[in-house]
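The values are calculated or read from the model by the stated rules, or taken from the named source; none is laboratory data. Computed from a prediction, not measured in an experiment: that's the story for all the values here. Here Cβ is always computed from backbone atoms with ideal geometry, including for glycine, and neighbour counts include all displayed protein chains. Just the protein is used for accessible areas: all its heavy atoms, side chains included, with ligands, DNA and RNA removed. Shrake-Rupley method; radii C 1.70, N 1.55, O 1.52, S 1.80 Å.
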Amino acid sequence: MPRLRKSVFLLLLLLPLPVFFLSLTIGSYQIPFDELLAILFQGIAPFLNSDSSQTQIYRDVIFMIRLPRILLALFGGIALSVSGASLQSVFKNPLVDSYILGLSAGAGLGAALAIAFLPNIIGLTQLFAFLFSFMAFMLTYFVARDRGQASTVSLVLAGVIVTALFSAALSMIKFFTVPEKLSSVVYWLMGSMAVSGWKEVLYSVPLILLSFLIITLMRWRLNVLSMGDEEAKSLGINVERDRLVVLLTTTLMVSSFVSVAGIIGWVGLVIPHLVRMLVRTPDNRIVIPISASLGGVFLLLADDVARSLTSYELPVGVITTIIGAPFFLYLLKKRGGGSWRQ
Amino acid sequence: MRIRPVIVILALTTLIVSAGFFLTIANFPINTLPSSITIQDMSGRSVALSVPVNRAVILNSYWNEIASTLGVSDKIVGIDKYTISSIYIPKAVRERPVVGDLFGGVNLETILSLKPDVVIMDFGYGKSGDIIKSLESLGIPVICMYSNNFNDQINAIRLLGKIFGTEARAESLINFLEIRHSVLISTTSRIPANERPTVLLCRVEKDGLLTAYGNSTWGKIVEDVGGINIALRSFPSQSWPKINLETLLVWNPDIIIIVGYDDAALKSQLDLIMKSSVWGNLKAVKDSRVYTVLIGSRTEGAYLDWGPRMLIGEMKLAKMIQPKYFSDLNVDLVSDLLISTYYSK
């Protein structure tokens, strides 16, 4: 197994930092670069002072609009891609992501229910999306459980069934709801961080960080889980328990992001795949941190495009799909998926 | 000491004249001086605003249309994406920066860069709640608008007139609309119950189902001009109930009015419904009482819409539903007058 050079590993790991600062400079509101520097680093470098009449509005743009959104995109990308990488390991299947467990269908149904039938209270849609995506996962898990065990095959099948069921219920709501609310549902499903602020960051980022920490601590166990139940058991791993922990953790991180940003696809599929090809190993001790780093960078750049390409907002979920799907195809054609160890 | 009557008369005259003078001064419109006032918007919130505003971002086409009829199109600095396709809004307004829309969300940075004094938008659906909160946290005042019937439109015109400092123009438009609307209502009140036909106002969907206008702005117009809105009577709480052809046959309305955004949409809807098996059995078809109405703002001649053109839409429906009682109504004359007076480009 070729080892990844330490310097490359570090470089990939630190990539989010420059992209983070680049993103702070991007946006439809023109902020002179020296003003931006001054506002950002005034605290540590007092000689950079900015006292133009525009400073307050620049500060608002940077700290009220750009920063929360950048953080949300960064951690959202981490959540989607780390959960994708973990689940691909657990299921020994490179075409799995968190949505296979019914999460997206659950979140969509929850959001649609709240939009269509509940009063327009801020936060209610997010809460329902979160609860329903968690519910969808629990349903998948308990449908798949047989004699105290949920095998990977039955989990995937149960996920497909739950997704179908929830999607049908979603279609029913779409059918019965009035056009105005129908549009809201459709746009919610496209995924967007257009009007996200600190509230959304506060709702989701701590949960994402917590689950990311748990997954990072489980990197080695993920490797063992990916060897198959028999072998893992022979190594003294409590397969059933560890698998459930991974499933719950990934569900938590994806649900908390999807509930505030809507359904954003392809990140969890493309990024781990790309990472495995890049580092030429399925070793999760490397794949998980690099997936986190590149996943965050990918969604952050996609959202930069979404918010700055036009004077209005493009749905970021559509952008990730337009970039992600052809790129995925290219990867498969070029490398034949050979980096996946069977 | 005696006071001479001449002095009393002189003093009184002076008092009256100066009082009159001060009242005139006070009433004189001083549009150039902004003053901070508190405005009650249509969601019931109190919003502090410096009026008249000079830069407004308006996120719905109908409020852009009203603002334009009030002669302040140059004060609209940003629009939503649906405003682009309205031919009843001056081209200059349609070419302003698009900041997004209430469903997909808005680009907050674009709005900030337009430096608006106020953002005017609907509330209660889409992402409006989040948008209002974000804008207010950035210190931009938001005026929430809403409409469910003719009177809401009148209130909206008055509110926009106050915000843009064009109260006189707003009152003139309101007067134009209200006089004619009240004629419709009073004529309708004389129509006996047994002369009111059942009416289905609907859209034919691509899957062959019908979306009826029930408890909605346009659905209520049907009743205002002497029809019995069968969808409203059957589903009093639903705005746009969907029905199938069997229900259509059961309802068997005296009049069917199909609405569409342009002629092509109307034609394809008619083609679709006329192919259905129930069509020939319907009373409205046998009596040749199937009509089409252009809605929205995409085509010349589309009048059934929110905004001042709603009056013309009402009149068109009145003539279709109660031709006997509204035979004298000259819709073209009124629409020409409305357009030439308030929509001059």
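Would you be able to tell me the number of residues in region B:217-243 that are open to solvent by 50 Å² or more (accessible area, probe 1.4 Å) and within 13 Å of another protein chain (Cβ to nearest Cβ)?
5
This table checks each residue for (1) crowded, with 22+ Cβ neighbours inside 10 Å; (2) at pLDDT 95 or above; (3) touching a His at 6+ places or on another chain (Cβ under 9 Å).
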site: B:280; (1), (2), (3): no, no, no
site: B:299; (1), (2), (3): no, no, no
site: B:305; (1), (2), (3): yes, no, no
site: B:323; (1), (2), (3): no, yes, no
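Please specify each residue of region B:63-114 satisfying the condition of being more than 25 Å from residue B:162 (Cβ to Cβ), of a type in the set (Gly, Ala, Ser) and part of a helix (DSSP H, G or I).
Of everything in region B:63-114, those that are more than 25 Å from residue B:162 (Cβ to Cβ), of a type in the set (Gly, Ala, Ser) and part of a helix (DSSP H, G or I) turn out to be B:85, B:113.
Just the residues that are at pLDDT below 95 and among the hydroxyl-bearing types (Ser, Thr, Tyr), please, taken from region B:145-177.
Passing the criteria: B:146, B:147.
Name the residue, out of A:205, A:201, A:186, A:224, that is without any contact (Cβ under 8 Å) to a residue 40 or more places away in the chain, aliphatic (A, V, I, L, M) and within 30 Å of residue A:123 (Cβ to Cβ).
A:186
For a quick check of your reading: which helices (runs of 4 or more DSSP H) sit entirely within region A:250-342 and have at least 2 residues that are at pLDDT 90 or above and touching a Lys or Arg at 6+ places or on another chain (Cβ under 8 Å)?
By residue number, A:284-308.
Filtering region A:184-202 down to residues that are in contact with a helix residue (DSSP H, G or I) (Cβ under 6 Å, 6 or more places away or on another chain) and either over 18 Å from residue A:307 (Cβ atoms) or β-branched (Val, Ile, Thr) (or both), which residue is farthest from the other protein chains (Cβ to nearest Cβ)?
Selected residue: A:201.
Which pairs do you get when a residue that is not assigned by TED's automatic domain parsing to the domain that holds residue B:92, found in region B:47-76, comes within reach of a residue that is at pLDDT 95 or above and assigned to a strand (DSSP E or B), reach meaning Cβ atoms under 7 angstrom, with the pair 6+ apart or on two chains?
none
One line per residue, one yes/no per condition, for (1) open to solvent by less than 60 Å² (accessible area, probe 1.4 Å); (2) within 27 Å of residue A:75 (Cα to Cα); (3) in contact with a strand residue (DSSP E or B) (Cβ under 8 Å, 6 or more places away or on another chain):
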{"position": "A:146", "(1), (2), (3)": "no, no, no"}
{"position": "A:158", "(1), (2), (3)": "yes, no, no"}
{"position": "A:177", "(1), (2), (3)": "yes, no, no"}
{"position": "A:202", "(1), (2), (3)": "no, yes, no"}
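Which members of region B:279-320 meet the condition of being within 23 Å of residue B:188 (Cα to Cα) and of a type in the set (Lys, Arg)?
Answer for region B:279-320, where residues must be within 23 Å of residue B:188 (Cα to Cα) and of a type in the set (Lys, Arg): B:289, B:309, B:316, B:319.
Looking at (1) open to solvent by less than 40 Å² (accessible area, probe 1.4 Å); (2) closer than 30 Å to residue B:146 by Cα; (3) hydroxyl-bearing (Ser, Thr, Tyr), find the lone condition where residue A:154 falls short.
(2)
Can you tell me which of (1) outside any helix (DSSP H, G or I); (2) out of contact with any helix residue (DSSP H, G or I) (no Cβ under 6 Å at 6 or more places or on another chain); (3) within 14 Å of another protein chain (Cβ to nearest Cβ) is the one residue A:171 doesn't meet?
That leaves (1) as the condition not met.
State the number of residues belonging to region B:100-144 that are open to solvent by 30 Å² or more (accessible area, probe 1.4 Å), at the interface with another protein chain (Cβ under 9 Å from one of its Cβ atoms) and either within 26 Å of the chain's Cα centre (by Cα) or under 22 Å from residue A:261 (Cα atoms) (or both).
6
Just to be sure, is residue B:269 touching a strand residue (DSSP E or B) at 6+ places or on another chain (Cβ under 6 Å) and either open to solvent by 10 Å² or more (accessible area, probe 1.4 Å) or part of a loop (DSSP other than H, G, I, E, B) (or both)?
Answer is yes for this residue.
Give A:233, A:181 a once-over and let me know the one that is within 14 Å of another protein chain (Cβ to nearest Cβ) and either open to solvent by 50 Å² or more (accessible area, probe 1.4 Å) or not polar (S, T, N, Q) (or both).
A:181 is the lone residue from the list that is within 14 Å of another protein chain (Cβ to nearest Cβ) and either open to solvent by 50 Å² or more (accessible area, probe 1.4 Å) or not polar (S, T, N, Q) (or both).
Tell me which residues, restricted to region B:81-99, are touching a residue at least 40 places away in the same chain (Cβ under 8 Å) and within 14 Å of chain A (Cβ to nearest Cβ).
Within region B:81-99, B:99 is the sole residue that qualifies.
Which is touching a residue at least 12 places away in the same chain (Cβ under 8 Å), under 25 Å from residue B:172 (Cβ atoms) and in contact with a strand residue (DSSP E or B) (Cβ under 6 Å, 6 or more places away or on another chain), of B:284, B:302?
Going through B:284, B:302 in turn, the sole match is B:302.
Run residue A:64 past the list (1) open to solvent by less than 30 Å² (accessible area, probe 1.4 Å); (2) within 30 Å of residue A:35 (Cβ to Cβ) and report the number of the one that doesn't hold.
Among (1) open to solvent by less than 30 Å² (accessible area, probe 1.4 Å); (2) within 30 Å of residue A:35 (Cβ to Cβ), residue A:64 violates only (1).
Mind listing just one residue for me: the one in region A:106-130 that is open to solvent by 10 Å² or more (accessible area, probe 1.4 Å) and under 17 Å from the mean Cα position of the chain (by Cα) and, of those, nearest to residue B:239 (Cα to Cα)?
Restricting to residues being open to solvent by 10 Å² or more (accessible area, probe 1.4 Å) and under 17 Å from the mean Cα position of the chain (by Cα), the top hit is A:126.
Looking at B:79, B:84, which one is out of contact with any Ser or Thr (no Cβ under 7 Å at 6 or more places or on another chain) and open to solvent by 10 Å² or more (accessible area, probe 1.4 Å)?
None of the other options fit; the residue is B:84.
Is it the case that some residue within region B:246-253 is away from chain A (no Cβ under 14 Å) and under 23 Å from residue B:184 (Cβ atoms)?
Yes - at least one qualifying residue is present in region B:246-253.
Only residues in region B:237-253 that are assigned by TED's automatic domain parsing to the domain that holds residue B:280 count as the first member; pair them with residues that are in a helix (DSSP H, G or I), Cβ under 6 angstrom, at least 6 apart or cross-chain, and list the lot.
B:241/B:231; B:251/B:230; B:252/B:283; B:253/B:230; B:253/B:284
Identify all residues within region B:177-193 that are open to solvent by 20 Å² or more (accessible area, probe 1.4 Å) and in contact (Cβ under 8 Å) with a residue 60 or more places away in the chain; write none if there are none.
B:180, B:181, B:190
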